[in-house]
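The values are calculated or read from the model by the stated rules, or taken from the named source; none is laboratory data. Values in this document were obtained by computation on a predicted structure and should not be read as measured data. So basically every Cβ, Gly included, is an ideal-geometry build from the backbone, and we count neighbours across all protein chains shown. When the accessible area is computed, the model is the full protein with side chains, heavy atoms only, and any ligands, DNA or RNA have been set aside. Shrake-Rupley method; radii C 1.70, N 1.55, O 1.52, S 1.80 Å.
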Amino acid sequence: MGIQSQAGYASSTLSRFLSDRLPYLDRVAQTWIPKLASMSDGPALAIRGRDDLGWALELRLGLDLAATPPRLRELSYLPIERCRALLAAAGYEHRQVGVLPLSGTTDPLLCHWERTRHPIVPCENQSAAFRACLDLAWFRQLIHKWGEGRTVDERRSWFVSLATHNSGLDGDAELLDAMAHCWRVYLKRGRRALLKQGSEASVAPELALGYGVADLVIGRMLIDVKLAVRPAVDEAVTWLRQLIGYVLLDRHNIFELDSVAVYCGWHGQLLSYPLQALLATAGGGSTPSLERLRLDFYEVMRDELDTYAAWRERQRHP
């Protein structure tokens, strides 16, 4: 059970550890609820496929924030022309590698892409990009199942075959409208708030060999993307468990994190909290050492992490 799943179960290893060591996470969550309640952009989000929409939005935002195309494993399922169109819509161009001659490579997955712009007009070439992201969201269970297996040729063939026999998500006008709304509020204020955290964005960073995969790290802030509208305190506590779980998995302090945040995609708002202040508040006044928490968490998670690492090795060497 990964970090995201564990965060939602009170009996999980992560939740029990945090209940013991950081018993007052609800105090942090309560500071976010009034801010969420004050957000009023857009209609109520009452549509089917919210999880798919959230995943598609996360993919699209990652493509906008990164300096070079991220999540190539997911993009490898798209047919060549759809992949190329998505990267172009996200502001990338296939560029010559320094002074070296062009290689003649045409497959977008093998090309050298550089960001040349950030789209600034809400509907600028984005409809096809939204459809591609929603189609990949519909296909993501198979992407997860296959992992690093299968050739790109097989991946694209399966994608085209299944998309031909199923409407996927891109034909759902309601989901497309919702995606367009999330993109408008992102351009209105979300992008600015996120880029204020730093110029370097790490998209879908893997922690503990991929046992945990976060959404974003920008600067020194760990960010999770949520389609929150009016969450209760319990839901915000679940978000915090997930974020802290990722922080604890960064046992060697690779990302040097100093804050955590939730980006509320429906409203384009960023809710953040400094890490040291969070530890002090959730710890009940005495601030526990982050280094000590990471070491202790590793000890209680050792069996699960070892089991996961063994599974990854078997995947690589069947």
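A few points about this structure:
- Helices (runs of 4 or more DSSP H) contained in the range 6-75 and holding at least 2 residues open to solvent by less than 10 Å² (accessible area, probe 1.4 Å) and at pLDDT below 90: 25-37
- Residue in the range 255-268 that is free of Cβ contacts under 8 Å to residues at least 12 places away in the same chain and farther than 15 Å from residue 28 by Cβ present: no
- Across the range 209-256, the qualifying residues are those that are among the aliphatic types (A, V, I, L, M) and open to solvent by 40 Å² or more (accessible area, probe 1.4 Å), and the one among them that is farthest from residue 8 (Cα to Cα) is 254.
- Scanning the range 143-185 for residues that are surrounded by fewer than 12 Cβ atoms within 10 Å (Cβ to Cβ), in a helix (DSSP H, G or I) and either within 18 Å of the chain's Cα centre (by Cα) or at pLDDT below 90 (or both) turns up 144, 145, 161, 164, 165, 173.
- In the range 265-285, residue most open to solvent (accessible area, probe 1.4 Å) [restricted to those that are out of contact with any strand residue (DSSP E or B) (no Cβ under 6 Å at 6 or more places or on another chain) and farther than 18 Å from residue 21 by Cβ]: 269
- Scope the range 119-142; condition surrounded by fewer than 18 Cβ atoms within 10 Å (Cβ to Cβ), within 19 Å of the chain's Cα centre (by Cα) and either in contact (Cβ under 8 Å) with a residue 60 or more places away in the chain or not in a helix (DSSP H, G or I) (or both); matching residues: 140
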